[in-house]
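Worksheet for the structure shown next.
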Amino acid sequence: MDKQYDFISRELEIQKFWQKNGIFKFDPDLEKEVFSIDTPPPTVSGQMHIGHSFSYTQQDIVARFARLANKNVFYPFGTDDNGLPTERLIEKLKNVRTVDMKRSQFIELCQKTLQEILPDFIQDWKDIGMSCDFDLYYSTIDDNSRRLSQQSFIDLYKMGRAYRIEAPVVWCPTCRTAISQMEMEDRVDESKFCDLTFKLDNGEELIISTTRPELLSSCVAIFVNPQDERYQKIVNQMAQVPIFNHKVKVIADSRAEMEKGTGAAMCCTFGDATDMQWYRAHKLPLILSIDQSGHMTDKAGKYKGMTAKEAREAITSDLKVAGLMIGEKKITHNVNVHERCKTQVEIINSKQWFIKYLDLKEQFLSAGNKLNWYPDFMKSRLENWIKGLQWDWCISRQRFFGVPFPLWYCKNCGKVKLANVDDLPVDPIKDKPKTPCDCGSNEFEPEIDVLDTWATSSLTPQIAISLVSDKVAKDKLFPMSLRPQAHDIISFWLFNTLVKSLLHENKNPWRDVMISGWVLDPKGRKMSKSLGNVIEPKNIIKSYGADAIRYWACGAALGQDISFTEEEIRVGKKTVLKLWNAARFCKLQFEQNLFTPDNEKLNLEPEDEWIISRLIIAVDEYKKSFKQYNLPMARAAVDKLFWDDFADNYLEIIKERVYGQDEGSKHAALNTLYSILFGIVCLYSPIIAHVSEKIYDEIYKRDKNKESISQFIFGDLNLGKVNKNIVSDFEIVKKIISKIRKYKSEHQLSINAPISKVTIQAEDDFEAYFSLIKSVSNAKSVTLGRGNLEIEDTVKVKIS
RNA sequence: GCACCCGUAGCUCAGUUGGUUAGAGCGCAUCGUUGACAUCGAUGAGGUCAUCCGUUCGAGUCGGAUCGGGUGCACCA
């Protein structure tokens with residue numbers, strides 16, 4: 001056994017061992033309860049983030065625990081590699097722009113590039129010791145995922161849930177695509193509130209405040225609150241829009257807020273979501289002044305071709321010159337931006353596909369309520385989100401690299417022609433329908449939009465399960481046991497998966513949900529390139545090892561964001577080294593004494609019985625904690641057993657027996673050492689997986705009939721009953737040992753320094769422990785007594 | 001505005017269903033290296049559990065209010 005544990009080479013070696021021997025391969029034939037995990041497929045948009053290594057380790061620890069608890073673990077791995085994030089990555093890597101390329105060329109480039117980068121990308125996940133069955137692999141753009149995603153769409157269409165309409169949608173002018181409500185985020189922006197003069201028919205002037213004067217050409221009405229006494233007499237009058245001079249009606253509507261601006265608002269199609277509501281409620285005309293790329297249309301007259309921002313400046317200066325703008329004040333307000341590119345979104349009218357689901361809010365809420373949430377409070381994030389839903393799910397994207405819609409439109413009658421389910425996956429641009437339209441026409445127009453990537457990744461349970469061919473096994477896999485993920489995508493991935501599962505399977509996709517927190521920098525800020533505070537997992541693995549990261553991740557409560565500090569990682573490394581050294585000590589003793597384990601007629605000493613009881617107690621705490629997904633508590637249970645009881649005390653106590661001549665006592669000690677260390681290594685194996693495997697390999701593999709430590713279950717530990725008396729007595733024994741050490745420390749003696757006499761005040765039956773106390777303290781005698789401490793190297797300990 | 005989380009030792013955090021003297025690691029101080037470990041060990045000093053009120057025989061833990069830090073959602077003419 002190496003004197004120095006070289007974690008860099010050992011961890012790599014062990015990962016290869018796992019891989020080569022298919023240690024984590026899912027076997028559908030095992031007669032065990034299945035534990036199926038809906039592994040999050042990481043988005044291929046760059047490199048692994050420290051937050052990934054944190055949350056993926058947490059779920060991996062749970063997976064490994066499940067194996068220890070005798071479950072047949074189904075743990076697939078996928079990558080989410082289509083849609084905007086992937087397109088953007090390819091553009092960056094290959095220095096191209098989609099707009100300059102042919103669609104087919106770009107798709108080809110995406111596919112080719114993915115082939116190049118995916119092995120390295122996936123390797124990052126292997127580097128932290130993930131115990132997935134990497135043969136159960138899917139990509140959300142592979143043929144099988146396309147097929148299932150397209151089939152999902154067809155099913156939803158046939159249910160009447162998928163529909164296509166021309167409607168205002170949230171639009172990103174940079175990405176030139178519709179996006180969904182969940183893809184927006186907030187940003188605080190500086191802007192100007194401009195006071196503009198509208199002329200009323202009666203000759204009076206009406207002042208309106210707006211932040212978006214560039215939309216004047218789209219102004220279709222003016223709204224005032226019906227309660228607003230200032231404006232009651234002008235309701236239903238016409239007002240003339242400055243610069244453009246068309247006339248719009250003043251309408252009373254309670255959505256107009258009296259306190260905001262002057263209390264009179266102009267409604268433009270469309271400036272914001274309220275405009276859209278007014279447009280629908282009052283059947284207002286549609287005037288689109290901004291096109292899909294964010295430029296002004298010919299409706300904007302002389303401002304045509306400018307960007308919205310340019311137009312705003314131009315029109316503001318024109319208004320000032322014309323004396324129609326009588327004031328402006330700087331304000332800061334929130335604007336919605338596209339989370340992928342941070343561009344301010346617009347509302348634009350266009351034809352899109354939607355999934356109708358606003359009518360199902362109640363079902364969603366009750367489904368969310370049926371899940372077991374760890375931690376429980378994360379449920380309210382989902383509830384909050386569902387309650388706030390205002391749009392159906394827009395699933396079409398005007399992009400290229402994604403799953404195509406499996407349909408065409410008849411050129412003659414316009415009707416939708418769906419692909420046959422048997423022919424999936426299809427690409428309507430390349431493929432043709434096999435039968436004519438109902439109207440008899442054979443001329444079709446393909447749908448060129450692609451599906452929102454969430455429309456596919458919301459099917460991960462179905463996709464992962466489809467990789468198993470065994471029909472019986474499939475039934476055991478769904479609903480899945482666990483969805484692990486971080487909290488940032490509760491409203492995206494978790495919610496969408498829930499939606500699809502309810503629509504398709506009419507039941508929840510999983511039983512449990514575990515939510516990991518985020519890793520923040522040491523100051524508690526989000527990590528970002530612009531702040532320069534990004535931590536690369538690769539560097540951490542190099543300096544501390546993957547096990548150190550794993551140990552660290554196991555110490556954080558679920559759902560709680562955690563500040564990254566290198567000191568915390570150092571503790572993990574320390575634990576790994578301590579375990580390695582303790583194991584090395586044990587192995588040394590086994591070798592020097594030609595020890596072979598057997599359990600016959602052992603002459604157990606009290607300390608042996610104590611540490612055996614402590615193992616039983618620790619296993620119990622460990623199991624209880626894990627069942628509640630309480631990772632830190634489970635870790636603490638092993639830590640206490642290993643550091644406090646085993647390394648600091650038990651090892652020290654038995655040294656003399658192991659070095660001594662009493663063969664019976666020596667054998668009992670070695671045997672206990674052998675089984676307790678094995679228990680400890682088993683308990684540590686889900687957490688610091690590599691070093692545990694290596695210790696198993698060094699010490700236990702030759703005697704035990706299994707290839708890997710991860711093939712053992714709690715039952716293999718053959719735990720008996722706890723001896724409660726010895727356990728409580730040992731709390732006192734440990735205190736006595738501690739007092740003797742304190743005495744030595746205070747007298748500047750080394751920890752092994754001999755002392756002549758220890759006097760202990762205790763009940764007579766406590767004398768059973770005197771021998772081990774004598775041994776661990778290197779005292780010439782330990783006696784029962786009542787006197788005070790008088791001789792310099794004599795210790796008196798009082799037991800209460 | 002609505003909702004959620006957090007506030008415990010100098011720092012980072014743990015404290016199951018209320019129950020003796022509130023824990024860990026780091027840091028700090030003192031001491032100690034010839035039989036696993038100096039990438040170490042031993043010992044020790046640090047706490048009015050944010051504040052106030054209440055429930056209770058008993059509150060870090062339960063309820064209410066307040067203050068401070070953060071997050072999600074909404075609003076954003």
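What list of ³J(HN,Hα) couplings, whole Hz, do you get for the stretch A:729-736 from phi and the Karplus terms 6.51, -1.76, 1.60, once you set θ to phi - 60° and write x for glycine and proline?
In residue order, the calculated couplings are 4, 5, 4, 6, 4, 4, 5, 5 Hz.
Along the charge dipole of the stretch A:665-798, Cβ charges K/R +1 and D/E -1, which of A:Asn752, A:Ser692, A:Asn723 sits furthest on the positive end?
It is A:Asn752, whose Cα lies furthest towards the positive end.
If you plug each phi of the stretch A:698-709 into the Karplus form 6.51 cos²θ - 1.76 cosθ + 1.60 with θ = phi - 60°, what whole-Hz ³J(HN,Hα) values come out, in order, with x for Gly and Pro?
Whole-Hz 3J(HN,Hα) from phi for the stretch A:698-709: 6, 10, 9, 4, 5, 9, 9, 9, 10, 6, 10, 4.
Need the list of aspartates and glutamates near A:Lys573 for cross-linking: C-alpha distance under 14 angstrom, and skip anything on the same chain fewer than eight residues off.
Filter leaves A:Asp6, A:Glu11, A:Asp547, A:Asp639.
Holding the Cα-Cα limit at 23 Å, pick out from A:Lys415/A:Lys507; A:Lys199/A:Lys260; A:Lys694/A:Lys734; A:Lys299/A:Lys320; A:Lys3/A:Lys706 the pairs that are longer than that.
A:Lys415/A:Lys507; A:Lys694/A:Lys734; A:Lys3/A:Lys706
Would you give the gap between the C-alpha center of the stretch A:664-687 and the C-alpha center of the stretch A:211-246, rounded to a whole Å?
Each part reduced to its Cα centre gives a spacing of 82 Å.
Whose amide H sits under 5 Å from the amide H of A:Ile290, counting only residues 5 or more places off or on another chain, with H placed in the peptide plane?
A:Thr297
Per residue, how much accessible surface does the stretch A:333-421 expose to a 1.4 Å probe? Answer in Å², no decimals.
42 Å²
For the stretch A:110-209, what % of the accessible area comes from carbon and sulfur atoms, probe 1.4 Å?
44 percent
If you filter the stretch A:719-785 for GluC sites (Glu not before Pro), then keep DSSP loop positions with at most 13 other Cβ within 10 Å, what is left?
Answer in residue order: A:Glu763.
Cysteines without a disulfide-compatible partner in chain A, using Cβ under 4.7 Å as the rule?
A:Cys110, A:Cys132, A:Cys194, A:Cys219, A:Cys267, A:Cys268, A:Cys341, A:Cys394, A:Cys554, A:Cys586, A:Cys682
May I ask for the angle, rounded to the nearest 10°, between helix A:103-127 and the longest principal axis of chain A, with both axes built from Cα atoms and the value confined to 0 to 90°?
Between helix and principal axis, roughly 20 degrees.
Once phi is turned into ³J(HN,Hα) by the Karplus curve 6.51 cos²θ - 1.76 cosθ + 1.60 with θ = phi - 60°, what whole-Hz value does each residue of the stretch A:581-588 show in order, with x for glycine and proline?
Once rounded to whole Hz, the list reads 5, 4, 5, 5, 4, 4, 4, 4.
So how strong a dipole does the stretch A:124-191 carry about its Cα centre when Lys and Arg Cβ are +1 and Asp and Glu Cβ are -1, to the nearest 20 debye?
Dipole about the Cα centre, nearest 20: 540 debye.
Run the numbers on the stretch A:259-344 and let me know its relative contact order in percent, using alpha-carbon pairs under 8 Å that are six or more apart.
11 percent
Could you work out the relative contact order of chain A, using alpha carbon pairs under 8 angstrom and six or more residues apart, expressed as a whole percent?
14 percent.
With everything on Cα atoms, drop me the angle between helix A:7-20 and the longest principal axis of chain A, reported from 0 to 90° to the nearest 10.
With both axes taken from Cα atoms, the answer is about 70 degrees.
Just by accessible area at a 1.4 angstrom probe, what is the order of A:Met1, A:Met633 from largest to smallest?
The ranking, largest first, comes out as A:Met633, A:Met1.
With a ≥ b ≥ c the root eigenvalues of the C-alpha gyration tensor of the stretch A:713-780, is it rounded (a/c under 1.5), prolate (a/b larger than b/c) or oblate?
Note, shape of the stretch A:713-780 comes out prolate.
Which lysines does A:Lys739 reach when only Cα atoms under 21 Å apart count, and residues fewer than 8 places away in its own chain are ignored?
The reachable lysines, counting only those whose Cα sits under 21 Å from A:Lys739, are A:Lys640, A:Lys655, A:Lys757, A:Lys774, A:Lys780, A:Lys796, A:Lys798.
Looking at A:Leu677, A:Asn603, A:His333, which one has the Cα that reaches farthest to the positive end of the dipole of chain A (charges on Cβ: Lys, Arg +1; Asp, Glu -1)?
Value computed over the given set: A:His333.
Relative contact order for the stretch A:457-578 using alpha-carbon pairs under 8 Å, separation at least 6, rounded to a whole percent?
After rounding, I find 23 percent.
To make sure I understand the rule: partners must be aspartates and glutamates, Cα under 12 Å from the Cα of A:Lys471, and not fewer than 8 residues away in the same chain. Which ones qualify?
Output for A:Lys471: A:Asp29.
Scan the stretch A:569-664 for trypsin sites (Lys or Arg not before Pro) in coil per DSSP, keeping those whose Cβ has at most 10 other Cβ atoms within 10 Å, and list them by number.
Counting only loop positions with at most 10 other Cβ atoms within 10 Å, the trypsin sites (Lys or Arg not before Pro) in the stretch A:569-664 are A:Lys601.
How large is the helix-only mean residue ellipticity at 222 nm for chain A, computed as the sum of -39500 (n - 2.57) over DSSP H runs with n ≥ 4, divided by its residue count, in deg cm²/dmol to the nearest 500?
-12000 deg cm²/dmol
Going by alpha carbons, how many degrees (0 to 90, nearest 10) lie between the helix axis of A:606-627 and the longest principal axis of chain A?
The two axes meet at around 10 degrees.
About the Cα centre, and with charges only on the beta carbon of Lys, Arg (+1) and Asp, Glu (-1), how big is the dipole of chain A? Nearest 20 debye, please.
900 debye
Under a 5 Å amide H to amide H cut-off, with H placed in plane at 1.01 Å, what residues pair with A:Ser516 once short-range neighbours are removed?
Excluding prolines and chain starts, which carry no amide H, the hits are A:Gln485, A:Ala486, A:His487, A:Gly559.
The values are calculated or read from the model by the stated rules, or taken from the named source; none is laboratory data. Please read these numbers as outputs of a predicted model, since none were measured by experiment. Cβ: placed from backbone, ideal geometry, glycine included. Neighbour counts: every protein chain shown. Ligands, DNA and RNA are stripped out before the accessible areas are found, and what is left, the full protein with its side chains, is counted by its heavy atoms. Shrake-Rupley method; radii C 1.70, N 1.55, O 1.52, S 1.80 Å.
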